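Working notes, structure below.
The values are calculated or read from the model by the stated rules, or taken from the named source; none is laboratory data. Just so it is clear, the model here is predicted, and its values are computed rather than measured. Reconstructed Cβ throughout: ideal geometry from the backbone, glycine too, with neighbour counts over all protein chains shown.
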Amino acid sequence: MKRGTDARKRKSALRAPAEPFTVPAPSGARIRDRLRLSARDVEVLLIVGGHLGRHARADLAERVRIGIVPLRENRRADRKRALTRVSSSRWAGAITRASEDQYQLSLRCLLDERASLRRTILKISRRLAVPCGHRTGGVRGYSTQQERALKQRRLQVLTARLAELEQRIEAGRPAVVVGGRRLATVRHNLADTDLSESEWRKRWDAQRMFLTADGESGAPYGNYTITVDPADGAVALVLPEPLRHLANTPRGRYRISCAVSFNHRRDEWLDRVTANRAVRYDITYDAERGRWYLDASWSTASATLPTPAELAATGVRLLAVDLNADHLAACVIDAHGNPVGRPFTVPTHLIGTSSQRDGRLRAAITELINIAKANGCAGLAIEDLGFADARATGRETMGRGRRGKAFRRIVAGLPTARFRERLRGMAHHAGLVVVAVDPAYTSRWGAQHWKQPLQEQSKTTVVTGHHAAAVAIGRRALGHGTRRRPGVTAHDQRIVQRRATGQTVPRPRARGTASPPRTTGTPHQGIKTCRDRSDQLALFPVSQHRSGRQTAGPAGVPADLGRHR
C-alpha cells in the first residue's frame, strides 16, 4: 500500500508543460563585406580607431563611476559635450551610446551570475541538511562523509563569491575589460600559446579600436559619419577634429581607396540607403587573418507571426526538430499530430574553430529548411532549451561519476542559444515559422509512446529515441497531447501497418446515425481507417501484408483484382 501511495505522489508531482509559443522574428539585419585596403588606408584607420578607442574607454570608465542611476541622470549630455571637442558630435553620440549599452549589459551579467550562485548555494544547502546516505522529502544526502566535507568547503567558497558580488551590484561597479578578459589573460601566459608579444599586441589593439557610426535618418545614404555610395560602393568617413590633417577629400573626410558591394541582402540595403534611412556601419579588423571588414546593420519592421493555435487551425504541417550534441533528429508532423513519412537525421559535427562551428551549424539549419519546404511544412517546432539551472548547479542535478560527467559534457556542448538565434533568422527569411515548446518529458514520453509505432511505419530507417522525441515536440507544438491515447489504434495488423496512430480527437456522432456513403473524391471524415479514398470500389478486402504474395479472396479470386487503378 505504501509503494502505491508513493507512486501516486510521484505521478502527481509531474509539472504541467507550458504552452507553446511562436518565436518572434529577428528585429534587425546585419551584412558584411571585406575591405581590401591600401597601406595608406590601413595607417589612417589604425590612427583613427586608436584615437576614438582611447576616448571610448575613458567614457566607459566614467559611466561605471556614475553607477546605477536613472537614465536621465547618467550625465550623457555632459560626457558627449566633452567628447565632441576631441572627435565630432556624431562620433561622441556613438561613443556615449556604446558606453551605456556596455554598462547595462555588464550589469545584467552580474545579476545573472548572482541568480546562478543563489541556485547553486540553495541546492547544496538542501543536500547538506540531509544525513549521508539518507533521503528526506525527495532530497538525497551525499553518499560519503568525504563528499559532504568537500561540498561544505565548496559552499563556503560560493558564499564568499556571492557576498563579493552583492557588494559590486550594490555599488553599481561591474568589471569590464575592453578587448576581452580572455585575451587579457593570454598576455600573462604567452609561453603556453603560439603567440609572440607583438602578435598579441596587434590583436589587443584591434579589439580596442572604436570605428562605429550610428545611422541617422535623413542623412546622405543613411549615415553621415561613415558613408557608402550605392552607385560605386565608395566608402568615406569623417575624421575626428584633431586628425583633420589626414583628410584627402573636402570637409575633413577621408575616402578609402577600395569599394564595397554587399552581395548578401543587397536589395534591402539599397532600399534603405537610396531612401536615406538610417544604416549603422562598423569597421573591424581581424588581426589573426589580417583582414578588414565593413558591417552594415539596420532595424527591420516587426512582423506579426501566427500563433500555434492559428497554425493548428489551418491544418498545416510542421517539421519537429530535436537538438542533440552531434546531430539533429527531425520528423514531419501533420495537422492531426501523426508522423508523416520517414524521420530525418542531420549531422552537425560542431568541432573546430568558432567560425567552423558556426558554418556547420548554418549548413545543418539550411538542410532542415530544405526538408521542411520539400515536405510542405509551414514551420519548424523546437524545444525551448536553456539549461541555465542545470549548468549552474552542475553535479547537484545532472548526476555524478562517469555517466554524470559525460552527460554534463553533452549539455555544455549543446549550442542551444546559437541554434535558436540562427534558426530564427534563417527560417524567417525562408518564410517559415518557428514554434518553441516546453521540453518537459518529450524524450521520455516520445520513447515510450512513439518509438515503436514510428519504427513500424519507417521500415528502412533506424528510428532512435531522438526521432520519437521529435514526434512529441511536434504534437505539443500543434496543441495535441504528447502521450498516445489508449485504444485509439486497435491491435489489428491492417490498421497497425496502415498508420502509426489514429486521429487525436475523433468527431462525435449521435447514436443510431450512419455515415453517408462515400464515393471517389469524397474527403475522408476521420472517424474510421481506410487505405485510400477509393477503397469503397474494392470488391474484396485488401490485405496489407507486404511480403509480396497475393492473398486470395473468396472462391480463390486474388484480392487485388478489385482494386481501383
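So here's what we get for this one:
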{"item": "Selection count where residues are closer than 15 Å to Tyr224 by Cβ and assigned to a loop (DSSP other than H, G, I, E, B), scope the stretch 248-272", "result": "3"}
{"item": "Residues within the stretch 29-56 that are of a type in the set (Lys, Arg) and under 30 Å from Gly425 (Cα atoms), tallied", "result": "4"}
{"item": "Failed item, numbered, when Leu270 is tested on (1) among the aliphatic types (A, V, I, L, M); (2) within 16 Å of Leu37 (Cβ to Cβ); (3) touching a residue at least 24 places away in the same chain (Cβ under 8 Å)", "result": "(2)"}
{"item": "Where a residue in the stretch 174-199 is free of Cβ contacts under 8 Å to residues at least 40 places away in the same chain and surrounded by 13 or more Cβ atoms within 10 Å (Cβ to Cβ) and its partner, wherever it lies, is of a type in the set (Asp, Glu) and part of a helix (DSSP H, G or I), with Cβ under 8 Å and at least six apart", "result": "Leu190/Glu197"}
{"item": "Subset of the stretch 117-168 [without any contact (Cβ under 8 Å) to a residue 60 or more places away in the chain, part of a helix (DSSP H, G or I) and polar (S, T, N, Q)]", "result": "Ser125, Gln145, Gln146, Gln152, Gln156, Thr159, Gln167"}
{"item": "Filter result (more than 20 Å from Pro242 (Cβ to Cβ) and surrounded by 18 or more Cβ atoms within 10 Å (Cβ to Cβ)) within the stretch 61-98", "result": "Arg63, Val64, Asn74, Arg76"}
{"item": "Hits in the stretch 88-145 - residues which are within 30 Å of the chain's Cα centre (by Cα), farther than 30 Å from Asp214 by Cβ and basic (Lys, Arg)", "result": "Arg114, Arg118, Arg119, Lys123"}
{"item": "Pro230, sole failed condition from (1) in contact with a Leu (Cβ under 8 Å, 6 or more places away or on another chain); (2) assigned to a strand (DSSP E or B); (3) over 28 Å from Thr353 (Cβ atoms)", "result": "(2)"}
{"item": "Criterion violated by Arg15 - all others in (1) at pLDDT below 95; (2) of a type in the set (Lys, Arg); (3) closer than 18 Å to Pro174 by Cβ satisfied", "result": "(3)"}
{"item": "Unique match (being surrounded by 21 or more Cβ atoms within 10 Å (Cβ to Cβ), among the aliphatic types (A, V, I, L, M) and not in a strand (DSSP E or B)) among Leu311, Leu319", "result": "Leu311"}
{"item": "Failed item in (1) under 22 Å from Leu35 (Cβ atoms); (2) surrounded by 16 or more Cβ atoms within 10 Å (Cβ to Cβ); (3) aliphatic (A, V, I, L, M), with Ala231 passing the rest", "result": "(2)"}
{"item": "Residue among Arg266, Arg255 that alone is outside the structural domain of Ala56 (by TED's automatic domain parsing) and in contact with a strand residue (DSSP E or B) (Cβ under 6 Å, 6 or more places away or on another chain)", "result": "Arg255"}
{"item": "Residues of the stretch 26-74 satisfying the condition of being out of contact with any Asp or Glu (no Cβ under 8 Å at 6 or more places or on another chain), under 17 Å from Ala94 (Cβ atoms) and among the charged types (D, E, K, R)", "result": "Arg54, Arg57, Asp59, Glu62"}
{"item": "For Ala206: the one exception among (1) closer than 14 Å to Leu45 by Cα; (2) part of a strand (DSSP E or B)", "result": "(2)"}
{"item": "The one condition in (1) outside any loop (DSSP other than H, G, I, E, B); (2) modelled with pLDDT of 85 or more; (3) among the hydrophobic types (A, V, I, L, M, F, W, C) that Val463 fails to fulfil", "result": "(1)"}
{"item": "Members of the stretch 433-458 that are in contact (Cβ under 8 Å) with a residue 60 or more places away in the chain, buried (at least 21 other Cβ atoms within 10 Å of the Cβ) and not in a helix (DSSP H, G or I)", "result": "Val433, Val434, Val435, Ala436, Val437, Trp450"}
{"item": "Tally of residues being over 30 Å from Lys202 (Cα atoms) and surrounded by fewer than 17 Cβ atoms within 10 Å (Cβ to Cβ) across the stretch 249-277", "result": "11"}
{"item": "Residue list for the stretch 209-225, restricted to those being assigned to a loop (DSSP other than H, G, I, E, B) and of a type outside the set (Ser, Thr, Tyr)", "result": "Met209, Phe210, Leu211, Asp214, Gly215, Glu216, Gly218, Ala219, Asn223"}
{"item": "Candidates Ala278, Ala296, Ala301 - the one that is free of Cβ contacts under 8 Å to residues at least 24 places away in the same chain, among the aliphatic types (A, V, I, L, M) and either under 22 Å from Arg424 (Cβ atoms) or touching a helix residue (DSSP H, G or I) at 6+ places or on another chain (Cβ under 6 Å) (or both)", "result": "Ala301"}
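Yes or no, residue by residue, for (1) small (Gly, Ala, Ser); (2) touching a Ser or Thr at 6+ places or on another chain (Cβ under 7 Å):
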| position | (1), (2) |
| --- | --- |
| Val139 | no, no |
| Gln167 | no, no |
| Ala171 | yes, no |
| Val177 | no, no |
| Val186 | no, yes |
| Asp192 | no, no |
| Leu195 | no, no |
| Glu199 | no, no |
| Thr212 | no, no |
